[in-house]
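Okay, structure first, notes after.
The values are calculated or read from the model by the stated rules, or taken from the named source; none is laboratory data. Everything numeric in this text was worked out from a predicted model, so none of it was measured. Here Cβ is always computed from backbone atoms with ideal geometry, including for glycine, and neighbour counts include all displayed protein chains. Just the protein is used for accessible areas: all its heavy atoms, side chains included, with ligands, DNA and RNA removed. Shrake-Rupley method; radii C 1.70, N 1.55, O 1.52, S 1.80 Å.
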Amino acid sequence: MATELQSRAQPSPLPAAAAGGIVVENVSRAYRGSRGEAVPALADVSVRAARGELVAVVGPSGCGKTTLLELVCRLQSPDSGWIASAPAALMAQRDMLLPWFDAVENAALALRIAGHPRSRARERASALFGELGLEGFQRARPSELSGGMRQRVAFLRTLLSGKEVLCLDEPFGALDAITRGEMQQWLARALQREPRTVLLVTHDVEEAALLADRLVVLSGRPGRVTAELEADIPRPRSATDAAVLALRQRALRSLALSARAEGALA
Amino acid sequence: MIRARAARALPPTLLLCALLGAWELYVQASQTSAFVLPAPHSVAAALWDNAGLLAGNLAPTAIEVGLGIAAALVLGFVLAVGVHLSPLLRRAVYPLAVGSQAVPIAVIAPLLVFWWGFGIVPKLAVIVLICFFPVLVTTVDGLMASDPEQLKLLRTLDASRWQAFRFAELPAALPAAISGARIALTIAVIGAYIAESQTATTSGHPGLGREINADLTALQTPRAYAAAFVLFAFAIACFYSLALAERWLAPWAAHPRERGAGA
Ligand SMILES: Nc1ncnc2c1ncn2[C@@H]1O[C@H](COP(=O)(O)OP(=O)(O)OP(=O)(O)O)[C@@H](O)[C@H]1O
Ligand SMILES: [Mg+2]
């Protein structure tokens, strides 16, 4: 089911197109700077993710990736353009664990909000801790967890929201290479078991090539789509697959090209 | 453990001894009359001689402080939540609450007695009036200071207004509210003195505030000082018991560095 779109102009047939997925069409968004000047973050961006598809968004820092996710999650409204999406959960760039709850309680937050009794919610969340390498840390407070563990708890909280669309903002950014690899595998498997539509923001092009069905490359601020790369590579994938390596090269080239174009503009 | 505790009690004990010593020396050297400033040794003697009387008078004062502070905490907290959730209430209540702090108790004391007589109720009213305010201000600020990113998170998880309050705003505000409670508790002791001074009582043990006033009028200054010392010790005890409560209520806020209030 697609929720109501946020539009300023005429109604559009987008919700139907979004069913279970995401449609972002010609969206622009600018912030107000501290002196009242407009700071454009996204310019005329269109991104689509069909139901069950994982679309990775890569782009230089400050190009509006977080803004894009917040737009999809309805935490912001676009200045122009349309957005339609199935109900979406956001895993923010900062983990946003609540310091007054222990790890399980944080992971189970969505269940608590949905009205599940506390003990049942905790049980369900706790059962998944092992798979994420968090066994034994159920009762730890966020301040007692490492950055990578906190990210995994936040990730679990996002998954347990049960929403059809997941917006992941650099979910594995704080992890070491090995744990990141494990988490990527785990995410790939979890999505195979229980498909969701995912918008994955990452600065790691290899991660994008490993996980995504499609890669969207954004230019520097304000973000525009400079390339869309299909990742038609069979799963399970490995970082050393020729196709993954080739996709990674193409993505890097697009990023470099857009960076060069900006250099020329500046 | 016990050793560490003793070590921690050492600095304030030494400071107190030094201050008492200086006070004693000053009184001896300047020959100040005991009516104006009794020496610590005569205060100590008064404390010893009147232990029963002072203990008897501490009881009603302690009850006033306990009940008064409880009512003030509830009122301050409830008002703060109301003010936080309703902009209308904020505009209506806040200026009045601020103004209430400027009203001299002497002005309203006759009315309180007229309404509620010579018992404990008018005294509680005075303490509540004085003490709800720090709780109100700190709690409102704590509620306003909750992290907007956390509220965003709760919104994406479809939390209701009440759930956002319960899961994020309230726990975030708790440490500030407890700080307010500490201030309130400390001034509740002087509040009890004011309350007792301003409203008469018929009980045999009228409370430490009345005792102090009676002793000062009767030129029993050392006993007034002894009573004031009991108030002093009582305030310290209250303050530190609340610090213990804070660890239990808001353990996540426990400061990594030792604070003055760490009991
Ligand atoms: N609240 C705000 N007020 C003003 N400007 C903002 C605000 N939030 C973001 N911006 C600006 O909008 C641009 C896009 O921000 P955004 O956080 O979406 O970037 P990003 O691609 O997620 O960056 P990063 O990779 O570093 O996380 C940035 O240049 C930033 O300066
Ligand atoms: Mg970002």
Give me D for chain B in µm² s⁻¹, whole number, from Stokes-Einstein with Rh from the Kirkwood sum over alpha-carbon pairs, 20 °C and 1.002 mPa s. 102 µm²/s
Which of the lysines could be linked to A:Lys65 by a straight reach, that is with a Cα gap under 19 Å, when you skip same-chain ones fewer than 8 residues away? B:Lys152
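Based on a Kirkwood Rh over C-alpha pairs, give the Stokes-Einstein translational diffusion coefficient of the range B:1-84 at 20 °C and viscosity 1.002 mPa s in µm²/s.
On the way: Rh = 17.0 Å.
Approximately 126 µm²/s, per Stokes-Einstein.
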Tell me the Kirkwood hydrodynamic radius of the range A:96-162 in angstroms, computed as one over the mean inverse distance between distinct C-alpha pairs. 11.3 Å
Per q in 0.09 Å⁻¹, report the Debye log10 I(q)/I(0) for chain A, using one uniform scatterer on each alpha carbon and no solvent. -0.42
Against the 2.2 N^0.38 Å rule of thumb, the C-alpha Rg of the protein assembly as shown sits at a ratio of 1.35
Ignoring ligands, DNA and RNA, the residues of the range B:228-254 whose accessible area with a 1.4 Å probe is reduced by 10 Å² or more relative to the chain alone are B:Pro251, B:Trp252
For the pair B and A, how large is the buried accessible area, both sides, in square angstrom to the nearest 100, if the probe is 1.4 Å? 1800 Å²
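Can you check what the net charge comes to around B:Phe35, using other residues whose Cβ is under 13 Å from the Cβ of B:Phe35 (Lys, Arg +1; Asp, Glu -1)? Don't skip to the answer; put the middle values down first.
Working: positive: B:Arg223; negative: B:Asp215.
Residues near B:Phe35 contribute 0 overall.
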Taking only protein heavy atoms and a 1.4 Å probe, the highest-to-lowest accessible-area order of A:Thr226, B:Thr138 is A:Thr226, B:Thr138
Could you work out, residue by residue across B:160-170, how many beta carbons of other chains sit within 10 Å of that residue's beta carbon, and then give the average as an integer? 2
Excluding B:Glu196 itself, what net charge comes from residues whose Cβ is under 10 Å from its Cβ, given Lys and Arg +1 and Asp and Glu -1? 0
Could you tally the net charge around A:Ala125, taking each other residue with its Cβ under 14 Å from the Cβ of A:Ala125, Lys/Arg +1 and Asp/Glu -1? +3
Considering protein heavy atoms only and a 1.4 Å probe radius, which residues within the range A:93-127 exhibit an accessible-area decrease of no less than 10 Å² in the full assembly relative to the chain by itself? A:Arg94, A:Met96, A:Leu98, A:Pro99, A:Trp100, A:Phe101, A:Leu109, A:Ala110, A:Arg112, A:Ile113
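Hey, any idea what % of chain A's accessible area is carbon plus sulfur with a 1.4 Å probe?
Working: 6150 of 11770 Å².
Solvent-exposed carbon and sulfur of chain A make up 52 percent of the total.
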The aspartates and glutamates whose Cα lies under 13 Å from the Cα of A:Lys163, excluding any fewer than 8 residues away in the same chain, are A:Glu194, B:Asp158
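Count, for each residue of B:212-221, the Cβ atoms from other chains sitting within 10 Å of its Cβ, then give me the mean as a whole number.
Values: counts 0, 0, 0, 0, 0, 0, 0, 0, 0, 0.
That average works out to 0.
Please compute the per residue accessible area over chain B with all protein chains in place, 1.4 Å probe, rounded to a whole number of Å². Don't skip to the end; give the middle numbers.
Details: 13850 Å² over 263 residues.
Here the residues of chain B average 53 Å² of exposed surface.
Please compute the contact order of the range B:162-255 in relative form: average sequence separation of alpha-carbon pairs under 8 Å and at least six residues apart, divided by the residue count, as a percent. Before the final figure, lay out each step's value.
On the way: 47 pairs, mean separation 31.0, N = 94.
With pairs under 8 Å counted, the relative contact order is 33 percent.
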Lys/Arg +1, Asp/Glu -1 at C-beta; chain A dipole; positive extreme among A:Ala107, A:Gln185, A:Met149: A:Ala107
